[in-house]
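Engineer: Here you go, one structure.
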Amino acid sequence: MSGRAVPLSGRATAVSGVSSGTALLLAFTGTTAGAAQHEPRTERIGKAADGTQGEGASSCAVTTPNGRYVAFRSSATNLVPERATHPGTSSSIRGLTNREVTKIEQALSTPRLSADGRWATYTDRPSRIMNVFLSDLSTGTRIQAGAPGGRDAPAQPDICGDVRYIAYRWVGHPQFPTRIDLYDRLTGTRETVRAGPQDSTRDMDKSSISGEGCRIARQDNGTGDVWATGPATGVQTEAYDGTPSTVVQLSANSRVLAMDCADGSSVRDLRTGRVQHYPGIRILAVSPDGRRLLTRDTDANLTPRGPYGGREFPVGHGSATAGSLSAHGRSLVYSTVDADVVPDDTNGMYDVFQWRSS
């Protein structure tokens, strides 16, 4: 697929996770050095409410579109005052306004959060079979979103911003292909978005749902094709073909789809069909409005950029995951073992950090 890259409109936002880049960042955003209120700030997320650093590693962070809540995985046992009942790595959610840390010990994956941070979906194994659950963090109510019973194993959940829909990968009996299912919280029903052909090598995989739930991206593991499907309309759009690709993330506004392929990454504008390819670079996340990408090069340098060109600025050195960018790219979360991002980082382990533009 081809097409001339056309820049999306919008104010460019640069990011810095190290103090040495502040002057360049101010020049990039058009801010003067004297406007201190616009200088970026970086905060360690993997810490207790009183600021105590985690005594275990933290990683795999995601954020809400407003940047006020961050979910991550951590092996630290001192992030919350309650004694851990299960050893090993668990999931936590940190509120950036109230500084509180909520631990979800049952979660076996990083929780995907609703836009307001109230709801979290994740995988758990309450019995022998993995399943997908949805928790209301304000009441403690938990709903099983994945289909119950048998040898089924729902996994890889993603949630739309208003919490109506949860998309997940359904793994059934080995003789049947893996499919993508959709749970409707309002009706309590489940439906198959797309099942693969009757060939176990043609599994559906890596679903990503838009903020409104009107589109779901997923990949065909057999052909490598990537598709975007409208559950309500049934309309399917072939987002990428010809090269085996992996879905990274669909933007919340349903417009921009980021994908990894063998020789780099690609971005497709689902409205215009324009495709931009990034050789040798991996796209890690796309912002909810689709105007910012977070990329990583072969030296693990993180760089935010516009999907169709424009200026770019290095964040630092580390890793990130889908869901790590907030709206307009104004904040991002990432993990690194580097000890010079914030003062007094002495645990010698991977930590999660949030960068904010103001």
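Engineer: Answer yes if at least one residue in the stretch 246-265 is touching a residue at least 12 places away in the same chain (Cβ under 8 Å), within 22 Å of Leu96 (Cβ to Cβ) and of a type outside the set (Gly, Ala, Ser), and no otherwise.
Structural biologist: Yes, the stretch 246-265 contains at least one residue that is touching a residue at least 12 places away in the same chain (Cβ under 8 Å), within 22 Å of Leu96 (Cβ to Cβ) and of a type outside the set (Gly, Ala, Ser).
Engineer: In the stretch 175-201, how many residues are modelled with pLDDT under 75, under 18 Å from Ala228 (Cβ atoms) and surrounded by fewer than 20 Cβ atoms within 10 Å (Cβ to Cβ)? Before you say what the answer is, go through the steps one by one.
Structural biologist: Step one: list which residues in the stretch 175-201 are modelled with pLDDT under 75, which gives 175-177, 194-201.
Next, from what is left, pick out any that are under 18 Å from Ala228 (Cβ atoms): 194-196.
Going one step further and asking which of them are surrounded by fewer than 20 Cβ atoms within 10 Å (Cβ to Cβ), we end up with 194-195.
The total comes to 2.
Engineer: Continuing with this model, one more query. Looking at Ser335 and the list (1) surrounded by fewer than 22 Cβ atoms within 10 Å (Cβ to Cβ); (2) modelled with pLDDT of 95 or more; (3) of a type outside the set (A, V, I, L, M), which single condition is not satisfied?
Structural biologist: Every condition holds for Ser335 apart from (1).
Engineer: Within the stretch 130-146, is even one residue polar (S, T, N, Q), at pLDDT 85 or above, touching a Gly at 6+ places or on another chain (Cβ under 8 Å) and assigned to a strand (DSSP E or B)?
Structural biologist: Pass one, the stretch 130-146, residues polar (S, T, N, Q): 131, 135, 138-139, 141, 144.
Filter once more, so that each one left must be at pLDDT 85 or above: 131, 135, 138-139, 141, 144.
Filter once more, so that each one left must be touching a Gly at 6+ places or on another chain (Cβ under 8 Å): 131.
If we keep only those that are assigned to a strand (DSSP E or B) too, we end up with 131.
Looking for residues that are polar (S, T, N, Q), at pLDDT 85 or above, touching a Gly at 6+ places or on another chain (Cβ under 8 Å) and assigned to a strand (DSSP E or B), one finds at least one in the stretch 130-146, hence yes.
Engineer: Another one. Of all the residues that make up the stretch 236-280, how many are under 15 Å from Arg292 (Cα atoms) and among the acidic types (Asp, Glu)?
Structural biologist: The number of residues fulfilling the criteria is 1.
Conditions tested, residue by residue: (1) more than 17 Å from Asn66 (Cα to Cα); (2) part of a strand (DSSP E or B).
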site: Asn253; (1), (2): no, no
site: Asp260; (1), (2): yes, yes
site: Thr272; (1), (2): yes, no
site: Ile283; (1), (2): yes, yes
site: Gly290; (1), (2): no, no
site: Asp299; (1), (2): yes, no
site: Ala339; (1), (2): yes, no
site: Met349; (1), (2): yes, no
site: Gln354; (1), (2): no, yes
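Engineer: Return yes when Ser254 is at positive phi and among the polar types (S, T, N, Q) and no when it is not. Lay out the reasoning, then the answer.
Structural biologist: Details: at positive phi: yes; among the polar types (S, T, N, Q): yes.
It is true that Ser254 is at positive phi and among the polar types (S, T, N, Q).
Engineer: Ile104 - would you say it is surrounded by 15 or more Cβ atoms within 10 Å (Cβ to Cβ), among the β-branched types (Val, Ile, Thr) and within 19 Å of Asp181 (Cβ to Cβ)?
Structural biologist: Working: surrounded by 15 or more Cβ atoms within 10 Å (Cβ to Cβ): yes; among the β-branched types (Val, Ile, Thr): yes; within 19 Å of Asp181 (Cβ to Cβ): no.
When the stated conditions are applied, Ile104 does not pass them.
Engineer: Do we find a residue being in contact with a helix residue (DSSP H, G or I) (Cβ under 8 Å, 6 or more places away or on another chain) and buried (at least 18 other Cβ atoms within 10 Å of the Cβ) anywhere in the stretch 317-324? Give the derivation first.
Structural biologist: In the first step, residues of the stretch 317-324 are kept if they are in contact with a helix residue (DSSP H, G or I) (Cβ under 8 Å, 6 or more places away or on another chain); the result is none.
Scanning the stretch 317-324, I find no residue that is in contact with a helix residue (DSSP H, G or I) (Cβ under 8 Å, 6 or more places away or on another chain) and buried (at least 18 other Cβ atoms within 10 Å of the Cβ), so the answer is no.
Engineer: So, of the residues in the stretch 54-78 that are farther than 20 Å from His317 by Cα and of a type in the set (S, T, N, Q), which turns out to be surrounded by the fewest Cβ atoms within 10 Å (Cβ to Cβ)?
Structural biologist: Asn78
Engineer: Which condition breaks for Ser266 when tested against (1) farther than 26 Å from Phe72 by Cβ; (2) assigned to a loop (DSSP other than H, G, I, E, B)?
Structural biologist: Single failed check for Ser266: (2).
Engineer: Report yes if Tyr334 is of a type outside the set (A, V, I, L, M) and more than 29 Å from Gly56 (Cβ to Cβ), otherwise no. Steps first, please.
Structural biologist: On the way: of a type outside the set (A, V, I, L, M): yes; more than 29 Å from Gly56 (Cβ to Cβ): no.
No: the conditions fail for Tyr334.
The values are calculated or read from the model by the stated rules, or taken from the named source; none is laboratory data. If you're wondering where the values come from, they're calculated on a predicted model, not measured in any experiment. We place every Cβ from the backbone using ideal geometry, glycine too, and count neighbours over all the protein chains shown.
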